[in-house]
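Only the coordinates and a few stated rules stand behind these numbers; no lab work does. Fair warning: this is a prediction, and the values are worked out from it, not measured in the lab. With ideal geometry, Cβ positions are generated from the backbone for all residues, glycine too; neighbour counts draw on all protein chains shown.
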Amino acid sequence: MSIILGIETSCDETAVAVYDSGRKLLLSSVIFSQVKLHEIYGGVVPEIASRSHLEKIDIIIQAALDQANINLNNIDYIAVTNKPGLVGSLLVGMCFAKSIAFAKNKKLIAIDHLQAHIFSSFLKKDNSNNNSIEDVPFPHICLSASGGSTVIYYVKDFNNYEVIGQTIDDAAGEAFDKVAKIIGFGYPGGAKIEQAAKLVDFQDFYNYTRTKNYTKSLDFTFSGLKTAVMYDLVKKDAYNLQSGPVWEKITPELQNKVSSSLLVCIADIFQAKIELALKLYPEAQAVTFVGGVACNNYICDRLNSVTNNLGKKFISPVCKFCADNAAMVAFLGAQKADQNKFSDYYLDVLN
Ligand code: KG4
């Protein structure tokens, strides 16, 4: 029966949300994305990220309180992401959270960003105005794929989950972003790759090599895929190993075909991992798909059908809750408050 303020500043989104655990209702969620500030550099610049958080944090907190129609006195707990992430960015959110907690005598809750993503599946999965919480059955398999990590978890409950597979090199989002850069889509590239692939009906034109054992292990490897795309472009005279992309050869048709082949390849890999995970953990009742890459409708559709065919439920939140947000921080904060898991003012980032 508590009102939780969630604060998320681990990377390039300043996000704040308010969750009412008594009514199981998300009262507000406000996100300021810094993507425009970083895109000219082709990736996130840590110093720019932390400065922008500092400029925006009070405004976003006020906006989230206004949207929830409450003020700081109505808040019971403050949940804040303290790891993992960019140190300067995390420090902004954490210092702000500590200051409010101290000034208003509220309890502080430390949130692990990756753990928050796992339970973002409980946030509403459609764009309706119904802000209530999903019922996600335990145990379940969670595939979490973003720009910085790609992990499969076996989730028994809010406190009890284990990593059963993860990338040994690049993350899936990184593969999308790196290939997007090679073919001239800029940063971040995942959404643009999906749009381009749709134009050619998600066909697999180039059949990029899937690693030999990709159906036999729950671990991922994506760095070879980026190299496979690059060498295929070299064969097509569209990439030079010394000087990079040969722009006059990278036509819209080639961009679409590369995008589509890459997307089908990554979807095939994800599908194989989910099939294997459900074989190894038959007691799992559902599959959840979270993280920025879960914004991809094509991959969601593929995983939805394979999961349903195996008689399990498939759950993936709407895009704004797949990508970085504070609703997942406030929601996980509520679970931790129920278990009396609070932090003191010695809370630090990254530990
Ligand atoms: O979770 P997230 O918002 O942030 C961090 O990784 O911190 O994930 C961002 C990643 C980027 O790599 C982006 O290219 C990818 O998610 N992404 C997508 C799509 N939308 C975003 N990847 C594939 N298809 C999409 N539609």
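Could you size up the charge dipole of the chain around its Cα centre, putting +1 on the beta carbon of Lys and Arg and -1 on that of Asp and Glu, and report it in debye to the nearest 20?
Dipole magnitude for the chain comes out near 280 debye.
So which chymotrypsin sites (Phe, Trp or Tyr not before Pro) in segment 263-348 pass both tests, a DSSP loop state and at most 11 other Cβ atoms within 10 Å of the Cβ?
Those satisfying the criteria are TYR345, TYR346.
When only alpha-carbon atoms count, how far does segment 38-133 stretch along each of its three principal axes, as whole angstroms with the largest first?
38, 37, 24
Give me the net charge of ASP232's neighbourhood, meaning all other residues with Cβ under 12 Å from the Cβ of ASP232; Lys, Arg count +1, Asp, Glu -1. All intermediate terms of the calculation are to be shown ahead of the outcome.
Details: positive: LYS226, LYS235, LYS236, LYS257; negative: ASP237.
Surrounding charge for ASP232 is +3.
Compute the Kirkwood hydrodynamic radius of segment 167-239, taking the inverse of the mean of 1/r over all pairs of distinct Cα atoms, and give it in Å to one decimal.
Answer for segment 167-239: a Kirkwood hydrodynamic radius of 13.1 Å.
So which aspartates and glutamates can LYS124 reach, going by Cα to Cα under 17 Å and dropping same-chain residues fewer than 8 places off?
ASP20, GLU134, ASP135, ASP324
No other cysteine beta carbon under 4.7 Å away is the test; run it over the chain and list who passes.
CYS11, CYS95, CYS142, CYS265, CYS300, CYS322
How much net charge surrounds LEU114 when only the other residues with a Cβ under 14 Å from the Cβ of LEU114 are counted, with Lys and Arg +1 and Asp and Glu -1?
Local net charge: -3.
What is the calculated FRET efficiency for THR211 to ASP344, with r their C-beta to C-beta distance and R₀ = 51 Å, to the nearest 0.05?
After rounding, the FRET efficiency stands at 0.65.
How far, in nm, would the chain grow between VAL35 and LYS279 when pulled straight, counting 0.36 nm per residue and subtracting the alpha carbon separation?
Full extension of this stretch gives 84.0 nm more.
Using a 7 Å offset from the Cα along the Cα-to-Cβ direction at both LEU310 and ASP169, what is the distance between the two label points in nm, to one decimal?
2.6
In debye, nearest 20, what is the charge dipole magnitude of segment 140-316 about its Cα centre with +1 on Lys and Arg Cβ and -1 on Asp and Glu Cβ, if you could check? Mind dumping the intermediate values first?
Details: 18 positive and 18 negative charges, 35 e Å.
Computed about the Cα centre, the dipole is about 160 debye.
Could you work out which residue, out of SER29, SER89, SER149, moves most in a Gaussian network model of the chain, that is, has the largest mean-square fluctuation with Cα springs under 10 Å?
SER149
How large is the Rg to Rh ratio of segment 140-316 when both quantities use alpha carbon positions and Rh follows Kirkwood?
0.99
Less than 10 Å Cβ to Cβ from ALA175, Lys/Arg counted +1 and Asp/Glu -1: what total charge do the surrounding residues give?
So the environment of ALA175 carries a net charge of -2.
What residue among GLY291, GLY165, GLY22 shows peak mean-square fluctuation when the chain is described by a Gaussian network model with Cα springs under 10 Å?
Looking only at GLY291, GLY165, GLY22, the largest GNM fluctuation is found for GLY22.
Would you look at the GNM of the chain, springs on alpha carbons closer than 10 Å, and say which of ASP12, ASP58, ASP20 moves the most?
For the chain, modelled as a Gaussian network with Cα springs under 10 Å, the answer is ASP58.
Quickly work out the GLU162-to-ASN297 label distance, labels modelled 7 Å from Cα along the C-beta direction, and quote it in nm with one decimal.
3.9
Along its principal axes, what span do the Cα atoms of the chain show, with the longest given first and each in whole Å?
Rounded to whole Å, the extents work out to 64, 46, 36 Å.
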